[in-house]
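Participant: Quick one: the structure is below, questions incoming.
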Amino acid sequence: MKNKNIFFIGFMASGKSTLARALAVELDRVFLDSDSLIEAKFDKSITEIFAEFGEDFFRKEEQKIANFFCGIKNASIATGGGFIQVSNLNEIGICVYLRAEFETLKNRLDLKEKEKRPLFYDEKKAKTLYNERLKIYEKKANLILDIENKNIQELIYELKKRIE
Ligand code: S3P
């Protein structure tokens, strides 16, 4: 348990990167973010990668990142909302699902943040995707954190208690 990666899954805007970063500082771990690693590789934003190469291409890159995550230890990792499609998710480490209602997540995204997420452009489609993924997130998680009305400090406190 001690050296295992801790990684966050959940829908867009659930705060995976923010929490993974805060946990990395709290536990003195390396912080990694699947989306940022893919953006860095191509020196392009997620929106550009989706537009230029397509979603399938992006999903294949996510699988390569997952393979890499399986070979490391002791990191605090944020993943993209669709990262749960990788084949070896259960080999990465402790999987934490950040759960919230769709309405809450939608209200957290201003226009600028929405523009960074090609799968959130169309709110109706995003809601359908949310409903499709809900049970998958729950099934794949080792631990579920309900994030509604909680700040980062409260979430870190709860998480630390549950992973010790
Ligand atoms: C996606 C979520 C995004 C990003 C990409 C696809 C998804 O990450 O990986 O736009 O399929 O839900 P965030 O969850 O960090 O927004």
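The values are calculated or read from the model by the stated rules, or taken from the named source; none is laboratory data. Bear in mind that the values here come from a model prediction, so they are computed numbers and not experimental data. Cβ sites come from the backbone with ideal geometry, for glycine too, and all protein chains shown count toward neighbours.
Participant: State all residues of the stretch 38-69 that are under 30 Å from GLN153 (Cα atoms) and away from the ligand (no atom under 11 Å from the Cβ); if no residue qualifies, say none. First the steps, then the outcome.
Facilitator: Filtering the stretch 38-69 down to residues under 30 Å from GLN153 (Cα atoms) leaves 38-40, 45-46, 62, 65-66, 68-69.
Of everything in the stretch 38-69, those that are under 30 Å from GLN153 (Cα atoms) and away from the ligand (no atom under 11 Å from the Cβ) turn out to be ALA40, ALA66, PHE68, PHE69.
Participant: Would you say PHE50 is out of contact with any Asp or Glu (no Cβ under 6 Å at 6 or more places or on another chain) and within 23 Å of TYR130 (Cα to Cα)? Show your work before the answer.
Facilitator: Numbers: out of contact with any Asp or Glu (no Cβ under 6 Å at 6 or more places or on another chain): yes; within 23 Å of TYR130 (Cα to Cα): yes.
The answer is yes for PHE50.
Participant: Being closer than 27 Å to LEU27 by Cα, away from the ligand (no atom under 16 Å from the Cβ) and of a type in the set (Val, Ile, Thr), is that true of even one residue in the stretch 95-106?
Facilitator: Here is the first cut: in the stretch 95-106, the ones closer than 27 Å to LEU27 by Cα are 95-100, 105.
With the extra rule that they be away from the ligand (no atom under 16 Å from the Cβ), the set shrinks to none.
No, there is no match, as no residue in the stretch 95-106 is closer than 27 Å to LEU27 by Cα, away from the ligand (no atom under 16 Å from the Cβ) and of a type in the set (Val, Ile, Thr).
Participant: Okay, next question. Can you tell me how many residues in the stretch 70-83 are among the hydrophobic types (A, V, I, L, M, F, W, C) and either surrounded by fewer than 20 Cβ atoms within 10 Å (Cβ to Cβ) or away from the ligand (no atom under 16 Å from the Cβ) (or both)? Outline the logic, then answer.
Facilitator: The first filter runs over the stretch 70-83 and keeps only residues among the hydrophobic types (A, V, I, L, M, F, W, C), leaving 70, 72, 75, 77-78, 83.
Now narrow it down to the ones that are either surrounded by fewer than 20 Cβ atoms within 10 Å (Cβ to Cβ) or away from the ligand (no atom under 16 Å from the Cβ) (or both): 70, 72, 75.
Residues meeting the conditions: 3.
Participant: Out of ARG99, ARG117, ARG21, report the one residue that is out of contact with any Ser or Thr (no Cβ under 6 Å at 6 or more places or on another chain) and modelled with pLDDT under 95. Steps first, please.
Facilitator: Numbers: ARG99 fails: modelled with pLDDT under 95; ARG21 fails: modelled with pLDDT under 95.
Result of the check over ARG99, ARG117, ARG21: ARG117.
Participant: List pairs: first in the stretch 49-77 and within 22 Å of GLY93 (Cα to Cα) and in contact (Cβ under 8 Å) with a residue 60 or more places away in the chain, second away from the ligand (no atom under 12 Å from the Cβ) and part of a helix (DSSP H, G or I), Cβ under 8 Å, 6+ apart or cross-chain?
Facilitator: ALA75/ALA24; ALA75/PHE69; SER76/ARG21; SER76/LEU23; SER76/ALA24; SER76/LEU27; ILE77/PHE69
Participant: Here's something else I'd like to know. State the number of residues belonging to the stretch 10-37 that are of a type outside the set (Lys, Arg), more than 9 Å from the ligand (Cβ to nearest atom) and under 12 Å from the mean Cα position of the chain (by Cα).
Facilitator: Residues of the stretch 10-37 of a type outside the set (Lys, Arg): 10-15, 17-20, 22-28, 30-37.
Within this subset, residues satisfying the condition of being more than 9 Å from the ligand (Cβ to nearest atom) are 15, 18-20, 22-28, 30-32, 36-37.
Still in the running and under 12 Å from the mean Cα position of the chain (by Cα): 15, 18-20, 32, 36.
Of the residues in the stretch 10-37, 6 are of a type outside the set (Lys, Arg), more than 9 Å from the ligand (Cβ to nearest atom) and under 12 Å from the mean Cα position of the chain (by Cα).
Table: residues versus (1) of a type in the set (Val, Ile, Thr); (2) surrounded by fewer than 18 Cβ atoms within 10 Å (Cβ to Cβ); (3) under 28 Å from LYS161 (Cβ atoms).
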site: LYS4; (1), (2), (3): no, yes, yes
site: GLY15; (1), (2), (3): no, no, yes
site: ALA20; (1), (2), (3): no, no, yes
site: VAL25; (1), (2), (3): yes, yes, yes
site: LEU32; (1), (2), (3): no, no, yes
site: PHE50; (1), (2), (3): no, yes, no
site: GLU62; (1), (2), (3): no, no, no
site: ASN67; (1), (2), (3): no, yes, no
